[in-house]
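A quick write-up on the structure given underneath.
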Amino acid sequence: MNKGKLGLVWRATAIVSISALIVAAIIRRGIHTSAQGGSGDFGSQMIRLVKQGRFDDAIQVGLHSLQNDPSDELVYQQIADTYLVRASKDADQRQQWLAKAVSYIDKSLSLNSKDRDAAGVHLLQDALGLETVGSLSQTSRCIYYDRARKLLEDRVSLLQGDHLLLDGKTYPLAPLREENEKRLAEVLANRAKAGCE
C-alpha cells in the first residue's frame, strides 16, 4: 500500500476513533440526551467490530441501535464512519462504500438541530466525513470538499462568544473555534490540491 493510501486509512480509522471520543464526551456532558437512552454503548461495539474488519456486523449493530431511536444522528455518523473505513480498505468497491457513507452522512445532517447540537459537534463530524469522502473519491472530490467547507463555515456562527452554557455548566468555545478553523484550513488545502475551482 502506498504512503497516500496509508494516510487515508489512518484518517478514516481516526474518524471512527474521534467519533467514539466525541460520543463519550457528549454523553458525559449531557449535550445529547438521546444517546443516554440505551444506544450509548453501540459506538464501542461498532469500533471493536471495525477494528476486527467485521464491517457488516458493525453496521448491523448501528442499524439495531436505530430501532431504539431512529432520530439519533450519532448512530448515523458512526455507520457512515464504518463505511468510510471500509472504503479505505476496499479499492475494488470503494465507490459503493463511499456512496453508502454519504447516504448516512446525509441522514445525520437531516436530523441535525441547533437545539441538540449547540456547539456544532455533529456538524464537525459530518464535515470530517465528507472531507474523507472527498479524499477517497476518484470522481467527485470537489463536490465533497465543498460540502465539508460549507458545514465548517456554517458552524462558525455556533461558536460565537467565549463560553457555552449547557445544563448549568460552562464550556469554553475557543478550543472548538480553533479546531474548526484548523479543519476548515485543511479542507481548503485539500480542495486546492485537488484543483477545485
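Derivation of every value follows stated rules applied to the coordinates shown; laboratory data play no part. Just so it is clear, the structure is predicted and the values come from calculations on it, not from any experiment. Here the Cβ positions follow ideal geometry from the backbone for every residue, glycine too, while neighbour counts run over all protein chains shown.
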Quick one: which residues, 5 or more positions from residue 166 or on another chain, have an amide H under 5 Å from its amide H? H modelled 1.01 Å from N in the peptide plane, none for Pro or chain starts.
171
Listed peptides 124-136, 54-66 by packing density, highest first (mean Cβ within 10 Å):
124-136, 54-66
Value in Å of the Kirkwood radius, where the stretch 77-197 supplies the Cα pairs that are averaged:
14.9 Å
Charges only on Cβ, +1 for Lys and Arg, -1 for Asp and Glu: so what's the dipole of the stretch 113-197 about the Cα centre, in debye to the nearest 20?
200 debye
Kirkwood Rh in Å, taken over the stretch 129-197 so that all alpha-carbon pairs contribute:
13.0 Å
Using the alpha-carbon centroid of each, what span in Å lies between the stretch 117-174 and the stretch 42-115?
18 Å
